[in-house]
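The values are calculated or read from the model by the stated rules, or taken from the named source; none is laboratory data. Every value quoted in this text rests on a predicted model; they were computed, and no experiment measured them. All Cβ positions, even for glycine, are placed from backbone atoms using ideal geometry, and neighbour counts span all protein chains on display. Side chains included, ligands, DNA and RNA excluded: accessible areas come from the protein's heavy atoms. Shrake-Rupley method; radii C 1.70, N 1.55, O 1.52, S 1.80 Å.
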Amino acid sequence: MRPGRGRATNGRRGAGRGRSRSGTPGFAGRSAIVTGGGSGIGAALARALVAAGAHVVVTDIDPVAARRVAEEITPGATVTGTARSEALDVTDARAVSDLVGEVVAEHGGLDLMFANAGITWGGDTEQLTLGQWDAIVDVNIRGVVHCVHAAYPEMIRRGTGSLVLTASMGGLCPAGLITSYAMTKHAVVGLGLSLRAEAAGHGVGVTVVCPAAVDTAILDKGELDGFDGRHYYLEGQGVREPLDPDLLAESVLRGVLGNRALVIEPARARATWRLQRLSPALMDTMLTRYVRATRRRRDEGPAGA
Ligand SMILES: NC(=O)c1ccc[n+]([C@@H]2O[C@H](COP(=O)([O-])OP(=O)(O)OC[C@H]3O[C@@H](n4cnc5c(N)ncnc54)[C@H](O)[C@@H]3O)[C@@H](O)[C@H]2O)c1
């Protein structure tokens, strides 16, 4: 799929406009790999792609979860997309490369690579073990690199395709108490936005996805020392409800079709990003206060919550 000449700006159309019945047009017949597709945002991306007619390989380190998602995607009468599942650990460069080769052999090429798998750790950074540092770098950075390394040359060969990298608002703005996560997501943003300039000359699009809190299992993972991730993400972003992953997926597919540099959802996150660029010092002060308040609440326990 040759990406359009879309604006290199953040996604302006909100994901909250409702779900289209027919899915996003423009993906019919395209081949796609989604990593971390067994849950949350990856599963929603896979559903949206199949609804739009794409042939999707839903992959995850958890093969049961990936299979369940692929089996649950049951195309309607007017939908020609397909889904199948594969176990894939994105930290295994050879396995990622082998899967890309498989899809190319099957479909004649790989049109879309969604490097989406990710993990998080929450809490005070001094408590992270080196093993935890290694794990988050391996999955969130090296995992994305493996996807780009395997898929990008193949897309260059055909002069078409899109790389879609799931980063986070934590890749655009600092985020204390999820510091290791924010570090890895800044790396993904740097990779995606820099690669765009090179990839454009080859007819390959690159889109970086930067959502605020999305209603997925990750909000309840990565806890350290009583740190309540879900509470942190929501209150830190001043929102009561996390985003619906299916609505985010629709926004992402629109962004990919327009070859947008960044898809940032929801609108509030775009405002936060603007504030970060306008006044990093103000954001630093706000974040420092927020970290202090979060630690105090944690240390006081449920009674003080
Ligand atoms: N949910 C949010 O609030 C939010 C916000 C911003 C960005 N993100 C990012 O979105 C992406 C998807 O996360 P999610 O919210 O859907 O979380 P999730 O936990 O629901 O899904 C993540 C999936 O990745 C898989 N995974 C973990 N390690 C893997 C590995 N080594 N190889 C392959 N798969 C692996 C997990 O098994 C899981 O199915 C992540 O990169 C995450 O950082 C999430």
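Think of segment 64-195 as having a plus end and a minus end, set by charges on the Cβ of Lys, Arg, Asp and Glu; of I178, M155, V144, M155 sits farthest toward the positive end of this dipole.
Only the Cβ atoms of Lys and Arg (+1) and of Asp and Glu (-1) were treated as charged; on that basis the dipole of the chain about its Cα centre amounts to roughly 1540 debye. The amide H of V214, built 1.01 Å from its N in the peptide plane, has L243 as neighbours under 5 Å, considering only residues 5 or more places off or on other chains.
Between helix 143-158 and the chain there is an angle of about 30 degrees, using the helix long axis and the longest principal axis of the Cα atoms. Computed with a 1.4 Å probe over protein heavy atoms only, the accessible area of S85 comes to about 40 Å². Counting protein heavy atoms only, the chain has 53 percent of its accessible area on carbon and sulfur, 1.4 angstrom probe. Dividing the summed -39500 (n - 2.57) terms of all DSSP H runs of n ≥ 4 by the residue count of the chain sets its mean residue ellipticity at 222 nm at -14500 deg cm²/dmol. Taking the Cβ of T207 as the centre, find all other residues whose Cβ is under 11 Å away and add up their charges (Lys, Arg: +1; Asp, Glu: -1). Computed value for this residue: +3. Quick check: the angle from helix 245-257's long axis to the longest principal axis of the chain, C-alpha only, nearest 10 degrees? Between helix and principal axis, roughly 50 degrees. A Förster distance of 30 Å, applied to the separation of the beta-carbon atoms of T285 and R240, puts the FRET efficiency at 0.80.
Accessible surface computed residue by residue for the chain, with neighbouring protein chains in place and a 1.4 Å probe, gives 45 Å² per residue. A compact globular protein would have a Cα radius of gyration near 2.2 N^0.38 Å; the ratio found for segment 20-304 is 0.99.
Would you mind calculating the relative contact order of the chain from Cα pairs under 8 angstrom and at least 6 residues apart, reporting the percent as a whole number?
22 percent
Protection proxy ranking for 175-186, 51-62, using the average of other Cβ atoms within 10 Å per residue and placing the highest first: 51-62, 175-186.
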